[in-house]
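A.B. asks: Quick one: this structure, given as structure tokens, is what I'll be asking you about.
The values are calculated or read from the model by the stated rules, or taken from the named source; none is laboratory data. Source: prediction; values computed, not measured. Ideal geometry is used to build each Cβ from the backbone, glycine not excepted, and the neighbour counts take in all protein chains shown. We work out accessible area using only protein heavy atoms, side chains counted, and drop any ligands, DNA or RNA first. Shrake-Rupley method; radii C 1.70, N 1.55, O 1.52, S 1.80 Å.
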Amino acid sequence: MNVLVTGGAGFIGSHTCVTLLQAGHAVIVADNLCNSKSETVEKIKLITGKELIFYQIDVTAETEVHRIFASHPIDGVIHFAGFKAVCESVEKPLAYYYNNTVSTMLLAKCCLQYGVKKFIFSSSATVYGENRVPFAETMELLPAANPYGETKVISERILKDTARANPAFAVSLLRYFNPVGAHESGLIGESPQGIPNNLMPYITQVAAGKLEKLNIFGDDYPTPDGTGVRDYIHVTDLAEGHVSALDQLSEGVHIYNLGTGAGTSVLQLVKAFEEANGIKVPYEIVSRRAGDIASCYADAAKAKRELGWTAKRGIIDMCRDAWLFEKSLSS
Ligand code: NAD
Ligand code: UD1
């Protein structure tokens, strides 16, 4: 298939481009590089030994997006492009609503106009809010605690309604849990700008000596050791989940959790990182972070049953590959 990957230079998009190319698909990337670098596109080519087409464009810009659809016979779209920082979304709600929902509407509109029948959307476990774990696709969505989460709920709704009104349009809504790790080559990974918000990049930067210590946000949650529990998933497993979803996408709307189904606490992740890499990660317990929930992990049965996809890589692999990438940044 010819696949248009928006946000293909970003963390999850770049790994998905690698997996798509390795599976024999042709890839067109559209990314304005607002949170990524053009070098990543070169590294995707280096890892796979294959070419791809790259457009540095904003996917909310109507003329440019139309030009791509008019220039290539596209079979499917995977829409990763978007803003993703929860705190920033509270400060800049309009920027988040605009970027994340206008891009979805414009791409869906182009799909209908140019006869593109497959659409895969990057959603998030954040749409489950404070439902009871494990989160299953059948659960009612709860209002998100921040504008970022709302953009995912709204985009899902836009795509569901569009598919309902256009029965030939096939949509897959993929709800990611906590993607971490990096490509096993260490060439591509996650490099957040400024001080990281998320746990794994914070741990790798402490291990690298860029940050003094990890602040663990609370040890009084109702979890086995009191620290927050999440479903960390290796980004390569997540990428493979997209290729499975694309290959098997049929008419209608399909919703899948992409997680491992297993919860890991903050302290367990720190211990696993130390064990995998033989490095100490100094930490301190501090107060809870506003907006955090105690536990978040997937019921991952539906993706296994319908797509035949399960995550293959474990916590130690995630810690090893995340550290490999961090080391490559300073070498
Ligand atoms: P990322 O920031 O690394 O990648 C997003 C890419 O989109 C970047 O390369 C950025 O330059 C590009 N982009 C943003 N707005 C654009 C626009 N208007 N036009 C063109 N390019 C644009 O983020 P990621 O972690 O790879 O996340 C990808 C998607 O998955 C996002 O939609 C995110 O909300 C979603 N998601 C991520 C996580 C996570 O933990 N990383 C969890 C759940 C869902
Ligand atoms: C965060 C976002 C969520 C988003 C997800 C994936 C918030 C409130 N939620 O979720 O919407 O979908 O990232 O990008 O930002 N932790 C520490 N110290 C740190 C960082 C994190 O103890 O320096 C803890 C957190 O309290 C949590 C766990 O580590 O228990 C994971 O945190 P994080 O990586 O930020 O992911 P989420 O909170 O799941």
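A.B. asks: Would you mind checking segment 1-17 for residues with the amide N under 18 Å from a putative spin-label position 7 Å along Cα→C-beta of residue 185?
C.D. replies: 8-17
A.B. asks: Where the centre of each part is set by its Cα atoms, how far does segment 70-140 sit from segment 1-65, in angstrom?
C.D. replies: So the separation of the two Cα centres works out to 17 Å.
A.B. asks: On the protein heavy atoms, probe 1.4 angstrom, tell me the percent of accessible surface of segment 153-309 carried by carbon and sulfur.
C.D. replies: Taking all protein chains in place, segment 153-309 shows 48 percent carbon and sulfur surface.
A.B. asks: Within the chain, what's the longest stretch lacking trypsin sites (Lys or Arg not before Pro) that sit in DSSP loops with no more than 15 other Cβ atoms inside 10 Å? Spell out each step's value before the answer.
C.D. replies: Numbers: sites that count: 37, 132, 210, 213, 280, 288, 289, 312.
Result, exposed sites excluded: 38-131.
A.B. asks: At 0.36 nm per residue, and after removing the present C-alpha to C-alpha distance, how many nm does the segment from residue 280 to residue 168 gain when stretched out fully? Numbers along the way, then the final one.
C.D. replies: On the way: separation 112, 0.36 × 112 = 40.32 nm, distance 5.36 nm.
That works out to 35.0 nm of additional length.
A.B. asks: Would you rank 122, 191 by solvent-accessible area, highest first, keeping every protein chain in place and using a 1.4 Å probe?
C.D. replies: Sorted by accessible area, descending: 191, 122.
A.B. asks: Can you tell me which of 181, 82, 314 moves the most in a GNM of the chain? Springs connect C-alpha atoms under 10 Å apart.
C.D. replies: Result for the chain, Cα springs under 10 Å: 314 fluctuates most.
A.B. asks: What figure in square angstrom, to the nearest 10, would you give for the accessible area of residue 75 with a 1.4 Å probe?
C.D. replies: 70 Å²
A.B. asks: Antiparallel DSSP bridges in the chain: what percent, to the nearest 5?
C.D. replies: Numbers: 2 of 42 bridges.
Once the DSSP bridges in the chain are tallied, antiparallel ones form about 5 percent.
A.B. asks: By accessible area of protein heavy atoms, probe 1.4 Å, what ranking do 91, 42 get, highest first?
C.D. replies: 91, 42
A.B. asks: Given the C-alpha centroids of segment 193-241 and segment 277-331, what is the distance between them in whole angstrom?
C.D. replies: With segment 193-241 and segment 277-331 each reduced to a Cα centre, they are spaced 7 Å.
A.B. asks: Right, here's the next one. Of 50/304; 37/84; 304/327; 210/280; 109/304; 118/160, which ones are farther than 23 Å apart at the Cα?
C.D. replies: Values: 50/304 30 Å; 37/84 17 Å; 304/327 34 Å; 210/280 14 Å; 109/304 31 Å; 118/160 13 Å.
Flagged as over cut-off: 50/304; 304/327; 109/304.
A.B. asks: Follow-up. Can you give the angle from 0 to 90° between the axis of helix 103-114 and the longest principal axis of the chain, with both taken from C-alpha atoms, to the nearest 10?
C.D. replies: That works out to roughly 30 degrees.
A.B. asks: Among 79, 183, 25, which one shows the highest mean-square fluctuation when the chain is modelled as a Gaussian network with alpha-carbon springs under 10 Å?
C.D. replies: Looking only at 79, 183, 25, the largest GNM fluctuation is found for 25.
A.B. asks: Could I ask something else about it? Taking 22 Å as R0, compute the FRET efficiency from the Cβ-Cβ separation of residue 34 and residue 66 and round it to 0.05.
C.D. replies: Efficiency, from the Cβ-Cβ distance: 0.60.
A.B. asks: Mean-square fluctuation check for the chain, GNM, Cα pairs under 10 Å: which of 224, 201, 147 is largest?
C.D. replies: 224
A.B. asks: Next question, about the same structure. Let me know the shape class of segment 76-138, please: from the alpha-carbon gyration tensor, a ≥ b ≥ c as square roots of the eigenvalues, rounded when a/c is under 1.5, otherwise prolate if a/b is greater than b/c, or oblate.
C.D. replies: It is oblate, given that a/c is not under 1.5 and a/b is not larger than b/c.
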